Amino acid sequence: MAALMPANLEPGMSSHHAEALPTLPDVEFGLTRHPATEGDPLTDAVENALRRMV
């Protein structure tokens, strides 16, 4: 069992009705990059994907 955002559900995964589960608390996410990753295309792509998800 996991708490996932709707965008993270893959075909074939099941979810319960929202009213059947307790409301999850708000959470805060942080994203920090090491200065040496500046301009790295893979790290940029991962950062952009994470920013789009939240």
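The values are calculated or read from the model by the stated rules, or taken from the named source; none is laboratory data. What you see is a predicted model; the values in this text were computed from it and never measured. Positions of Cβ are backbone-derived with ideal geometry, glycine not excepted, and every protein chain shown enters the neighbour counts.
Residues in segment 14-31 that are without any contact (Cβ under 8 Å) to a residue 24 or more places away in the chain and within 22 Å of Val46 (Cβ to Cβ): Val27, Glu28, Gly30, Leu31.
Against the test of being touching a helix residue (DSSP H, G or I) at 6+ places or on another chain (Cβ under 8 Å) and modelled with pLDDT under 85, the options Ala20, Ala7 yield a single qualifying residue, Ala7. Residues in segment 40-54 that are outside any helix (DSSP H, G or I) and within 15 Å of the chain's Cα centre (by Cα): Val54 alone.
Which one is nearest to Met53 (Cα to Cα), of the residues in segment 5-39 that are among the hydrophobic types (A, V, I, L, M, F, W, C) and part of a loop (DSSP other than H, G, I, E, B)? It comes out as Met5.
Residue-wise test of (1) surrounded by fewer than 10 Cβ atoms within 10 Å (Cβ to Cβ); (2) on the phi > 0 side of the Ramachandran plot; (3) touching a strand residue (DSSP E or B) at 6+ places or on another chain (Cβ under 7 Å).
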{"residue": "Leu9", "(1), (2), (3)": "no, no, no"}
{"residue": "Ala18", "(1), (2), (3)": "yes, no, no"}
{"residue": "Val27", "(1), (2), (3)": "yes, no, no"}
{"residue": "Ala36", "(1), (2), (3)": "yes, no, no"}
{"residue": "Gly39", "(1), (2), (3)": "yes, yes, no"}
{"residue": "Leu42", "(1), (2), (3)": "yes, no, no"}
{"residue": "Val46", "(1), (2), (3)": "no, no, no"}
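Consider Ala2 carefully, then state whether it is of a type outside the set (Asp, Glu) and not in a loop (DSSP other than H, G, I, E, B). Here the answer is no, as Ala2 does not meet what is asked.
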